[in-house]
Amino acid sequence: AQRVTQPEKLLSVFKGAPVELKCNYSYSGSPELFWYVQYSRQRLQLLLRHISRESIKGFTADLNKGETSFHLKKPFAQEEDSAMYYCALSSNTGFQKLVFGTGTRLLVSP
Amino acid sequence: GAGVSQSPRYKVAKRGQDVALRCDPISGHVSLFWYQQALGQGPEFLTYFQNEAQLDKSGLPSDRFFAERPEGSVSTLKIQRTQQEDSAVYLCASSLAFSQPRVRYEQYFGPGTRLTVT
């Protein structure tokens, strides 16, 4: 079965602290992994995808197939990073039906 | 440019009423998805269209849910005889094309319709 697990509902850090949002998945095959973000009063938007291997707004995520994880990291959190973050996966073939985790709310305090 | 739009943004229905939720995808986007997001949960897939063809409706929770996209652009999600458990945010997303191997298209989400069934 396809499943995405985000164990933390809320992650609260101070500005400048490192951040790691955890994501584990189960999938038979080779999925594609994504992080989506939803800022307050805004729509859900793509933050990054594992195949791009890029850093967006200082965030990076590495796919660890051995641990079936795709944790999102940022070395120095900013207040504007406060948002809801969703990890998601899709098949790497066919259309991209997304399977989402339950989300982690990141709160960065000054 | 205009993104994905959805209407209405909020809908309150009495149990047993029928509702229709509209999605206007980005112009030219071939793929269209509907997701349901219950309170405190992540979005869950409902159905997928490629142009006017509904290629996957495996996520529709019951036969009270029906979706269509007759001309390959605007889509409507209809819920008949609404129940309290249908209360959720309904999200629509569109992407440029059907995914080809090693070619991936971003899904752009609309603002959602918040449905409350009383």
Just checking the output field for B:80-87: average partner chain Cβ neighbours within 10 Å of each residue's Cβ?
0
Loop GluC sites (Glu not before Pro), segment B:28-118, which have at most 11 other Cβ atoms in a 10 Å radius of their Cβ (DSSP)
B:E71
Among B:Y105, A:Y85, A:Y39, which comes first, second and so on when ranked by fewest other beta-carbon atoms within 10 Å?
A:Y39, B:Y105, A:Y85
Residue-wise, which Karplus ³J(HN,Hα) couplings in Hz belong to segment B:11-23, taking 6.51 cos²θ - 1.76 cosθ + 1.60, θ = phi - 60°, and x for glycine or proline?
9, 10, 10, 7, 3, x, 6, 9, 10, 10, 10, 10, 10
Given springs between every Cα pair under 10 Å in a Gaussian network model of chain B, which of B:V30, B:V89, B:V12 has the largest fluctuation?
B:V12
Using amide H atoms built 1.01 Å from N in the peptide plane, name the residues 5+ places from B:E106, or on other chains, whose amide H lies under 5 Å from its own.
B:L96
Where is the GNM fluctuation largest for chain A (alpha-carbon springs, 10 angstrom cutoff): A:Q45, A:Q78, A:Q96?
A:Q96
Over the Cα atoms of chain B, what Rg and Dmax result, in angstrom?
13.8, 46
To the nearest Å, what is the center-to-center distance of segment A:1-51 and segment B:1-71, using C-alpha atoms only?
23
Between A:Q2 and B:S5, the two model label points (7 Å from Cα along the beta-carbon direction) sit apart by a distance in nm of 3.1
Note down, for the protein assembly as shown, the three equivalent ellipsoid semi-axes (square root of 5 times each alpha carbon gyration tensor eigenvalue), biggest first, whole angstrom.
30, 21, 16
Out of residues 5 or more away from A:Q2 or on other chains, whose amide H comes under 5 Å of its own, with H placed 1.01 Å from N in the peptide plane?
none
Which whole-number percentage describes the relative contact order of segment B:5-98, with Cα contacts under 8 Å and a sequence gap of 6 or more?
38
Computed over segment A:3-109: relative contact order in percent, which uses C-alpha pairs under 8 Å that are six or more apart
39
Which whole number gives the average, over all residues in B:28-34, of C-beta atoms from other chains lying within 10 Å of the residue C-beta?
1
Per-residue mean of other chain beta-carbon atoms within 10 angstrom of the beta-carbon, peptide B:108-114?
3
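Bear in mind that the values in this text are calculations on the coordinates, not laboratory data. Only a predicted model underlies this, so the values are computations on that prediction, with no experimental measurement involved. Backbone-built Cβ (ideal geometry, glycine too); neighbour counts: all protein chains shown.
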